[in-house]
Amino acid sequence: MKRRNFLLSASGLLAGVVLYPLRAFASEKKDIVALDDPTATALGYVHDATKTDLKKFPKRAGAEGATQFCNNCMFVQGEEAEIAGEEGKWVGCQLFQKKVVNSKGWCNSWTKKPS
Ligand code: SF4
């Protein structure tokens, strides 16, 4: 392979690797984290943070807890997007690779996004 062709191929491969995670968050219903996913269950993930079981997950209790949502968590990834037929907006999360969570959702791993 000529050097120029090699460089073009390598840059195309690199672009594919960089762009893949963005495509992985493409908004389809099947990409939504299932509430019975073992990780979601263990972390108490809910699509609507106001439905968090506060007895099990007191971290979200009180005025401070009420401000916690996926969209202000440091583990959120990518841009929020709508999904046809689903309420709200959806976004990637580092804990749920290739799946999206509701931007107004919550789980016990919530950590404030640095400002
Ligand atoms: S880690 Fe953060 S963004 Fe991911 S589900 Fe939990 S609260 Fe939401």
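Summing charges over all other residues whose Cβ lies under 9 Å from the Cβ of residue 49, with Lys and Arg as +1 and Asp and Glu as -1, gives +2. Counting only residues at least eight positions apart within a chain, or on another chain, the lysines with an alpha carbon under 29 Å from that of residue 112 are 29, 30, 51, 55, 56, 59, 89, 98, 99, 104. Between the amide H of residue 89 and those of 103, 104, distances stay under 5 Å, these residues lying 5 or more places away or on another chain, with hydrogens modeled in the peptide plane. Each residue, residue 108 and residue 35, gets one label point 7 Å from its Cα in the Cβ direction; the gap between the two is 1.8 nm. A simple count of charges around residue 102, restricted to other residues whose Cβ falls under 9 Å of its Cβ and scoring Lys, Arg +1 and Asp, Glu -1, yields -1.
Within 10 Å of each residue's Cβ, count the other Cβ atoms and sort 39, 50 from fewest upward.
Details: 39 14, 50 10.
The order, fewest Cβ neighbours first, is 50, 39.
Readers should treat all values here as calculations from the given coordinates under stated rules, not as data from a laboratory. None of the values given here were measured: they were computed from a predicted structure. Here the Cβ is made from the backbone with ideal geometry for all residues, glycine too, and neighbour counts use every protein chain on show.
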